[in-house]
Amino acid sequence: MRLSDTNKELLNKPGWKTTKDAVKTNPAGNYDPNGSFADLIYKDFNYGDFGLNQSAPISDYNLGFSGGNEKGRYFANLGYYDEGDSFLKTFIKDTILLVTAIII
């Protein structure tokens, strides 16, 4: 975002930095070849500090049955997957029930 008097106090907080915009813009923020390079403010973010180096349990369970006779075959599977908070707090959980039957 553009640096302004409203958000300038953020620079006193840890992690906030400024840089120059790479594109010349007018005061409204639109491209203008005769404009100027605006000051931008951003919060520095390091993925490694956030969660890539942390370990977390991952659960993956599957239970399957199959069988049949000369009249048909069947297959059933129940699966559960849970990433916990291992990758950037995604909290991925998935439960699947699959039943397939082939009747001859």
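The values are calculated or read from the model by the stated rules, or taken from the named source; none is laboratory data. These numbers come from a predicted model, not from an experiment. All Cβ positions, even for glycine, are placed from backbone atoms using ideal geometry, and neighbour counts span all protein chains on display.
Scan segment 7-50 residue by residue and report those that are in contact with a strand residue (DSSP E or B) (Cβ under 8 Å, 6 or more places away or on another chain) and in a loop (DSSP other than H, G, I, E, B).
Within segment 7-50, ASN7, GLY15, ASP21, VAL23, LYS24, GLY29, ASP32, GLY35, PHE37, ALA38, ASP44 qualify.
Rundown of residues vs (1) within 29 Å of PHE45 (Cβ to Cβ); (2) at pLDDT below 80; (3) under 31 Å from the mean Cα position of the chain (by Cα), yes/no style:
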site	(1), (2), (3)
PRO57	yes, yes, yes
LEU63	no, no, yes
LYS71	no, no, no
ALA76	no, no, no
TYR80	no, no, yes
LEU98	no, no, yes
